[in-house]
1. In the structure displayed, which of LYS209/LYS315; LYS460/LYS598; LYS140/LYS318; LYS20/LYS492 lie more than 27 Å apart, Cα to Cα?
2. What ranking of LEU570, LEU556 comes out by heavy-atom accessible area, probe 1.4 Å, highest first?
3. Over the chain, calculate the relative contact order: mean separation of alpha carbon pairs under 8 Å at least 6 apart, over the residue count, as a percent.
4. Could you compute Rg(Cα) / (2.2 N^0.38 Å) for segment 218-303, with N its residue count?
5. Out of the DSSP beta bridges found with both residues in the chain, what percent are antiparallel (nearest 5)?
6. Provide the per-residue ³J(HN,Hα) series for segment 163-176, in order, calculated from phi with Karplus coefficients 6.51, -1.76, 1.60 and θ = phi - 60°, each as a whole number of Hz, with x at glycine and proline positions.
7. What are the principal axis extents of the Cα atoms in segment 642-710, in Å, biggest first?
8. Once the Cα atoms of helix 630-642 and of the chain are each reduced to a long axis, what angle between those two axes, in degrees from 0 to 90 to the nearest 10, is obtained?
Amino acid sequence: MSLTRWHILEAVEPPTWLIKKVGKFAAALLLQRGIVEPEQIATFLDTEAYQPTSAFEFPEMQQAIARIQQAYEQGETIAIWGDFDADGITATSVLWEGLGQFFTQGDRLVFYIPDRLKESHGISIRGLEELRSQCHSEGKSLSLIITCDTGSTCLAALTHAQDLGIDVIVTDHHTLPDARPPVTAIINPRYLPNQHPLFNLSGVAVAYKLMEALYETLPEVPQQPLEDLLDLVAIGLVADLVQLTGDCRYLAQKGIEVLRQKKRLGVRMLLEQCKRVGDRPIDISFGIAPRINAVSRIWGDVRKCVELLTTRDEKICKSLIDQTELANTQRKALQKKVFKQVQEKIKQLDLSTTGIIILADPQWSVGVLGLVAGQVVAEYARPTILCTIEDGIVKGSARSIEGINLYDLLKDQEHLLLSFGGHPLAGGLSFRLENLQILAESIDRKFWSQYGQLQSKTIKIDLEVAIADLTKDLFNEFKQLEPFGMGNPYPKLLVRDCLFSDISNANIRTAKGQKVEYIKTEFTLSDRQGNQIHGDWWGHYSYELPDTACDVVIELVDNAFRRRYDVRLLDFHAQSAPLHAELPALATSIKNPHVNLKIIDWYGRDPIQLDQQLEQPLSATICDRCPQSWQDLNTIIDQANQANQALALVYPNPEQINGAIAWQTLVGIAKYLSRTGKEIKRSQLIAKLGIADQDVLQIGFDELQQYGYAVQAIADRSDALDLTIRISAMPSADDGATPAKQFIQAANELAFQQQFFDHQLKKIATYSAKHRIPYNPLPIAKNADQ
């Protein structure tokens, strides 16, 4: 049983003209994502209808171009300062080729990228001295540095460059410092309003806009079209997971058009190596980008990656391709190894009281910490900072979840850090080992004071489909909406009541047949009508799949290698045995064939407070308990129908019930009550856990008692319908960190059962509203009141 909460987005009915244009599923996705007006839809789908934004809308673009023009006219030496991830490497390559039209490469134009395993992101004083010394040894006087994908917050190094008489133009997209840095110009979209079409540009896209402005200012100089750089822009944009809206989406679309043409030798050979066509963002995110990133993660030095993306020598390119493939193979194995070690350390934590996971180990490779931190965030739904330790210095990568600004949490601890940078969802940092404990405690304390609660792991589901819908036609419908990414996520699909078969798994192998410590499970997914589709589940073993009927969340993917369309499994909710036995015998129907039902969604609200807040008296049948059987469902519908009223759902949202999170919450409450001597009302406990079922609550109380907590339920004098709960710790009380399997299983089975019947209520109401006629179900089965 999955511990992930599912949030199924509300179904929408698209207009007929839009269905005819893009298909019913794609049309529904557009409306769900707020793309409603015909003009919006046109510019979203077609680059020719979009008007790109001028590069000169950056406030300091004029100053930047004037300084580059001066360097061009006076024959100065320019250095590009890049970064070692895919966005930084492609940004360096864009400037290397773009500026190379104005300055001789290797003579008046050089580049520097820090070594990932020895240095940090950003400009450093040490790196500046090394670059300056290198130029001096070659008889060059360095007078201008142009950064890409880095530099905004490197105030000490920028001040040092100023003291050395070196001008700096910063092009970057990361979070800004409080004060403007001491530079000639800074081109950073963070200076623009949040809704500006340039606001979400990544580092490579900002570098491209700088080249766009330079080409526009000196159009007679370049011999190569600016558009030839767009394939590099697409790679960096997709790899850096920025919001693909506005000019970001436009540049990614145009870039993929260039990528598909395979004009660039390195890109063509990379696509051939990973057996991809190059016409989709997934070819970047699962093909090109991991291989480029792997070089710095395993070996540190990425200068050869710039050469790979810009060389015209096929022999050199082939050698570099082999190196990237080897690095990517080693990266997969190393990432899996570190993730297992991190999981072992997490088992020692009390997750009920841990807001942010912060772990360090001197054996961990800094190159894969960001990837592993992302895995931890996905698995445990908590912001995560993973660190390695060398010579008393701790270096780490941080990843967060939507809604928790990790950059701000780190910034508040700036006095404890040697360096840090990034944005709300990701960052890097370094600090002295002696500060590790106080830093961890300070960040965790700040998290609880600012956010106050843990968030359960959630998957947002876009559409409900049948296996019969999972065809080439549906794939092509979705393809119209590409590129997918942040702001336009790949569609997540719900398929109900299906079975896994033909299950197998094996370790991934390299192109040379060598086994890698990284696994996936393959399977066939089928429904009761006999429809089937193949699929895979990455990073999981075959025994983890159930042999009972399930609801599954999947993505539809193009399996180019096998020339078919498969599904990628994201999550499943296995049906419990009693419910599974009941479902085949019951039609999803109701007793009264003439019901006309309207639903009011007031999940978790207090009906008394609602009645006091509303201007008019509340005229609805209150449903404060989620139906758990067909008999419950019929009784609730009959009550609303006889009263000729809408049905107001005020019970906790069953989509938010999560057994593991509920247990952690219950343990946290038990600790608090036993420590303070306070009490809690049963109704308050239900609101916090999202579980109203008395049997499930009692299982939780029983398991608390097994951990040494005494639980008393006392009649509430102020409310005869409520109870007061007292919890006290016995001398042998455990911390409850070990999961209570019986409670978690019962809570998850309750969640599945309630989600099913809650879905039936919504389905009946939607049908009534859509057709404006009574819902006409199949006859109810004889044993429907079980």
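1. LYS209/LYS315; LYS140/LYS318
2. Greatest to least solvent exposure: LEU570, LEU556.
3. Relative contact order for the chain comes out at 10 percent.
4. Against the empirical 2.2 N^0.38 Å value, I get 1.14 for segment 218-303.
5. In the chain, approximately 60 percent of DSSP beta bridges are antiparallel ones.
6. 5, 7, x, 9, 6, 10, 10, 9, 10, 7, 9, 7, 4, 7
7. Principal-axis extents of the Cα atoms in segment 642-710, largest first: 50, 23, 18 Å.
8. 80 degrees
The values are calculated or read from the model by the stated rules, or taken from the named source; none is laboratory data. Treat the numbers as computed from the prediction; the structure is a model and nothing was measured. Positions of Cβ are generated from backbone atoms using ideal geometry, with glycine treated the same way; all protein chains shown enter the neighbour counts. Side chains are part of the model used for accessible areas, which takes the heavy atoms of the whole protein and leaves out ligands, DNA and RNA. Shrake-Rupley method; radii C 1.70, N 1.55, O 1.52, S 1.80 Å.
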